[in-house]
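All of the numbers you see were taken from the coordinates with simple rules; none came from a lab. From a predicted model like this one, the values you see are computed outputs, not experimental measurements. We place every Cβ from the backbone using ideal geometry, glycine too, and count neighbours over all the protein chains shown.
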Amino acid sequence: MHHPTSLPRIAGFAAIFIGVLTAAFSFVSKSTEAAIYFGAAGIVICVVSLLIARKNIDELQMTVAGLFLSIVAMAVGFWQHYNM
């Protein structure tokens, strides 16, 4: 039986994947500008994903988690920029 994957589910997975990657990169990297830019890009991707997944709670939870991680990544980048 074929189980199609919906666009909101794919957008939610993409948002959380981008959020995890940007958060990990910002903690590991010494390049503060890259952490800020990747965090901002992650936030934009998560907002687009949020607009796609706004009608389904399960996908919305993954998108919000990715958005939170992207915000944390950007905050870590700003913290590194102003404290180093």
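3J(HN,Hα) along region 28-43: 8, 6, 9, 8, 5, 5, 5, 5, 5, 5, 5, x, 5, 5, x, 5 Hz, from the Karplus curve 6.51 cos²θ - 1.76 cosθ + 1.60 with θ = phi - 60°, whole Hz, x for Gly and Pro.
Remark: the residue 6-residue 56 segment gains 16.9 nm on full extension, using 0.36 nm per residue and subtracting the alpha carbon distance. Sorting 33-40, 8-15 by average packing, meaning the other beta carbons within 10 Å per residue, from highest down gives 8-15, 33-40. Run the quick spin-label model on residue 81 and residue 20: label points 7 Å from Cα toward the beta carbon, then report their separation in nm to one decimal. Placing both labels 7 Å along Cα→Cβ, they lie 2.7 nm apart. The share of alpha-carbon pairs in the chain lying farther apart than 19 Å comes to 37%. Dividing the helix sum by the residues of the chain, where each DSSP H run of 4 or more adds -39500 (n - 2.57), gives a mean residue ellipticity at 222 nm of -29500 deg cm²/dmol. Each residue of region 78-84 is assigned a 3J(HN,Hα), and the resulting list reads 5, 4, 5, 5, 8, 10, 10 Hz, derived from the Karplus form 6.51 cos²θ - 1.76 cosθ + 1.60 (θ = phi - 60°), x at Gly and Pro.
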